[in-house]
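The block underneath contains the structure these notes are about, expressed in structure tokens.
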Amino acid sequence: MKPAVGHLGAATNPKTVTATFVLRFQRETTAQEARWRGSIEHVPSAEAIAFMDLETMLQFLRRFGIQMGD
């Protein structure tokens, strides 16, 4: 039997959770350094944050039940 196919061709099962986020990165360059900053938006709620480190972005994802390694 073939698995059911959902959004973007992902196989669907009871443990599959779909969440939609928009992730943007922007590189800032000065005479002394270059660094990256980003923003992430949870599309269904329109909640968004700006971040300058990975941990801040991951904390935002955890608010919506997203855990790395799941």
Among the residues of segment 42-56, the number that are in contact with a Ser or Thr (Cβ under 9 Å, 6 or more places away or on another chain) and either part of a strand (DSSP E or B) or open to solvent by less than 90 Å² (accessible area, probe 1.4 Å) (or both) is 6
Residue among Arg24, Arg35 that alone is open to solvent by 70 Å² or more (accessible area, probe 1.4 Å) and out of contact with any Lys or Arg (no Cβ under 8 Å at 6 or more places or on another chain) = Arg24
Could we say that Phe60 is out of contact with any helix residue (DSSP H, G or I) (no Cβ under 6 Å at 6 or more places or on another chain), aromatic (Phe, Trp, Tyr) and at negative phi here?
-> yes
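The values are calculated or read from the model by the stated rules, or taken from the named source; none is laboratory data. Everything numeric in this text was worked out from a predicted model, so none of it was measured. Here the Cβ is made from the backbone with ideal geometry for all residues, glycine too, and neighbour counts use every protein chain on show. The protein model used for the area step is the full one, side chains on, heavy atoms only, and it has no ligands, DNA or RNA in it. Shrake-Rupley method; radii C 1.70, N 1.55, O 1.52, S 1.80 Å.
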